[in-house]
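A.B. asks: Before I ask anything, let me first share the structure, which is written out below as structure tokens.
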Ligand code: HEM
């Protein structure tokens with residue numbers, strides 16, 4: 001037997017018997033001194049780590065980003081410094097509401113998280129397959145998740161809670177329309193677009209800022225499932241997305257997405273008819289056309305799912321020079337929440353896990369902590385300022401100042417903007433009559449069992465987007481709704 005095929009304990013000692021525990025006598029009880037048994041059971045009991053609070057079910061792959069168009073007038077990020085430049089990356093796609101063992105082909109939004117390993121540090125663009133979101137204030141995020149997850153008593157998914165919450169927030173109708181549309185169940189992760197969703201900023205060499213939205217345009221044909229098709233797939237295969245992505249990469253059919261940006265100047269933002277930092281709104285493409293940036297190709301499956309996919313940690317706060325944040329309330333909330341969740345889920349040194357570790361030098365003064373395995377910067381000074389020439393801050397990377405004004409206060413978003421219906425109305429009118437029918441049917445199916453007053457509330461939101469939308473939903477629900485009190 002070759003050396004590497006010999007079974008050892010975690011500490012390298014030979015394991016003489018991996019089938020029979022040591023017993024006191026031939027038919028007697030097991031002995032605690034069978035330390036291999038203790039080690040094996042003890043490790044096994046700790047193999048499950050907390051799952052992500054949402055986006056628990058996912059699939060990942062490595063790949064490359066290649067710049068195809070010069071956007072250096074907008075950003076100094078080295079990642080985009082020249083056409084043809086390549087940067088390695090890791091992507092994790094996910095469903096949102098389901099737990100780690102949930103079926104893939106569910107009606108749900110999909111996570112679309114990209115980690116670029118740039119020479120100036122990692123940049124995580126943690127988006128979804130939709131350009132907007134259900135809510136626009138981070139205070140409501142825990143509520144959203146409780147509403148879409150399980151009922152505390154029945155432990156079942158709860159359509160009433162789900163629709164009670166969504167319909168109580170009129171700003172949710174845009175995202176709800178997308179989720180209930182024919183695009184609500186992508187056939188696979190390879191057949192959907194991705195979006196950064198939030199407004200971010202880009203900063204150039206002259207310290208000039210523009211506001212920006214990121215779009216991943218799918219280079220595979222867009223394909224989606226009907227409820228019936230999805231039900232059939234789920235009955236036979238709960239891992240349909242994982243299987244599709246993994247198999248495609250194994251056979252060399254590498255999926256691709258093109259990255260585009262929409263750009264808005266600070267001056268334009270000040271004159272927008274709606275809040276450009278409102279995550280329930282899109283920026284119209286005719287006003288803010290898509291500008292090509294580059295292409296992403298996924299071309300390598302992880303060797304070990306737990307190591308690279310389960311332990312992957314994406315955070316909007318993982319940012320690089322030349323890309324920055326915006327006043328979007330949701331984005332600001334997310335800047336706290338992800339690293340906080342990951343310190344709990346993976347431990348304080350989660351940045352050392354290979355999939356999360358940057359591929360450039362790391363000179364931080366963080367030290368110690370559970371699970372530190374890299375030598376902990378040895379004897380290097382662990383404080384700053386110091387007189388021994390250790391790591392100096394880099395003021396040239398400060399972002400330009402952002403003008404803000406007004407008193408600190410809980411401003412009511414509805415007073416700033418209560419136009420919930422214009423954009424979903426436009427989306428509805430972009431759909432063909434067949435797709436509108438699918439939207440009505442999907443909505444009615446998803447509202448099965450929901451009390452009539454909630455159904456009526458939803459139909460009235462739809463009506464305000466477009467009367468035909470409200471009437472179509474009412475008909476599909478089999479309800480006679482009086483819309484005279486709306487609009
Ligand atoms: C995962 C919080 C909104 C996309 C997560 C996780 C948390 C979280 C705590 C689990 C992180 C982990 O354990 O690694 C929040 C909060 C939000 C918010 C507080 C609102 C204030 C959004 C939005 C998007 C998004 C608007 C997309 C535009 C994702 C994705 C993942 C995720 C893709 C999974 C990342 C992965 O694959 O590991 N979110 N989220 N989230 N979130 Fe959010």
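Each value in this text was obtained by applying a stated rule to the coordinates, not by laboratory testing. Remember, it's a predicted structure, so these values are computed and weren't measured experimentally. Note that we place each Cβ from the backbone using ideal geometry, even for glycine, and neighbour counts take in every protein chain shown.
A.B. asks: Rounded, prolate or oblate: which one fits region 1-106, using the alpha carbon gyration tensor with axes a ≥ b ≥ c (rounded when a/c is under 1.5, else prolate when a/b beats b/c, else oblate)?
C.D. replies: Cα axes put region 1-106 in the prolate bin.
A.B. asks: So what's the gap between the Cα centers of region 154-179 and region 91-127, to the nearest angstrom?
C.D. replies: Value for the Cα centre distance between the two parts: 22 Å.
A.B. asks: Now for a different question. Measure off 7 Å from each Cα along the Cα-to-Cβ vector at residue 284 and residue 388, then give the distance between these two points in nanometres to one decimal.
C.D. replies: Spacing of the two 7 Å Cα→Cβ label points: 6.2 nm.
A.B. asks: When averaged across all projection directions, what area in nm² does the alpha-carbon convex hull of region 252-321 cover?
C.D. replies: Numbers: hull surface 30.8 nm².
The orientation-averaged projected area of the Cα hull of region 252-321 comes to 7.7 nm².
A.B. asks: Over the alpha carbons of region 141-297, what is the largest minus smallest coordinate on each principal axis, giving the biggest first in Å?
C.D. replies: Extents along the principal axes, in whole Å: 55, 46, 24.
A.B. asks: Against the longest principal axis of the chain, how steep is helix 467-477, in degrees 0 to 90 to the nearest 10, with axes from Cα atoms?
C.D. replies: 60 degrees
A.B. asks: Per DSSP helix of 4 or more residues, -39500 (n - 2.57); summed, then divided by the residues of the chain. What does that give at 222 nm, rounded to the nearest 500?
C.D. replies: On the way: 13 runs with 132 residues, N = 487.
So the calculated ellipticity at 222 nm is -8000 deg cm²/dmol.
A.B. asks: Mind pulling the angle between the C-alpha long axis of helix 227-236 and the longest principal axis of the chain? Nearest 10 degrees, somewhere in 0 to 90.
C.D. replies: Compared with the principal axis, the helix lies near 10 degrees.
A.B. asks: Rounded, prolate or oblate, given the Cα gyration tensor of region 421-487, with a/c below 1.5 counting as rounded? Can you show the working numbers first?
C.D. replies: Numbers: a/c = 1.93, a/b = 1.19, b/c = 1.63.
Since a/c reaches 1.5 but b/c is at least a/b, the shape of region 421-487 is classed as oblate.
A.B. asks: Another question, then. By how many degrees, 0 to 90 and rounded to 10, does the Cα axis of helix 35-44 deviate from the longest principal axis of the chain?
C.D. replies: 10 degrees
A.B. asks: Now a separate question. Any idea what log10 I(q)/I(0) is at q = 0.05, 0.07, 0.10 Å⁻¹ for the chain, Debye with uniform C-alpha scatterers and no solvent?
C.D. replies: Here log10 of I(q) over I(0) equals -0.23, -0.45, -0.86.
A.B. asks: Follow-up question, since we're still on this one. Kindly identify region 216-262 as rounded, prolate or oblate by the Cα gyration tensor criterion: order the square roots of the eigenvalues as a ≥ b ≥ c, call it rounded if a/c is under 1.5, otherwise compare a/b with b/c, prolate if a/b is larger, else oblate.
C.D. replies: oblate
A.B. asks: Tell me, how many Å apart are the Cα centres for region 400-448 and for region 287-301?
C.D. replies: Taking the Cα centre of region 287-301 as reference, the centre of region 400-448 is 26 Å away.
A.B. asks: Give me the tail of P(r) for region 31-161 as a percent: Cα-Cα pairs with distance above 17 Å.
C.D. replies: Summing the P(r) of region 31-161 above 17 Å gives 72 percent of all pairs.
A.B. asks: Please rank 359, 460, 115, fewest neighbouring Cβ atoms within 10 Å first, as an exposure proxy.
C.D. replies: Numbers: 359 12, 460 20, 115 25.
By the 10 Å Cβ count, ascending: 359, 460, 115.
A.B. asks: Along each of the three principal axes of the Cα atoms of region 342-394, give the extent in whole Å, ordering the values from largest to smallest.
C.D. replies: 37, 21, 17
A.B. asks: Distances over 20 Å make up what percent of all Cα-Cα pairs in region 277-424?
C.D. replies: Values: 7591 of 10878 pairs.
In whole percent, the share of Cα-Cα pairs in region 277-424 beyond 20 Å is 70.
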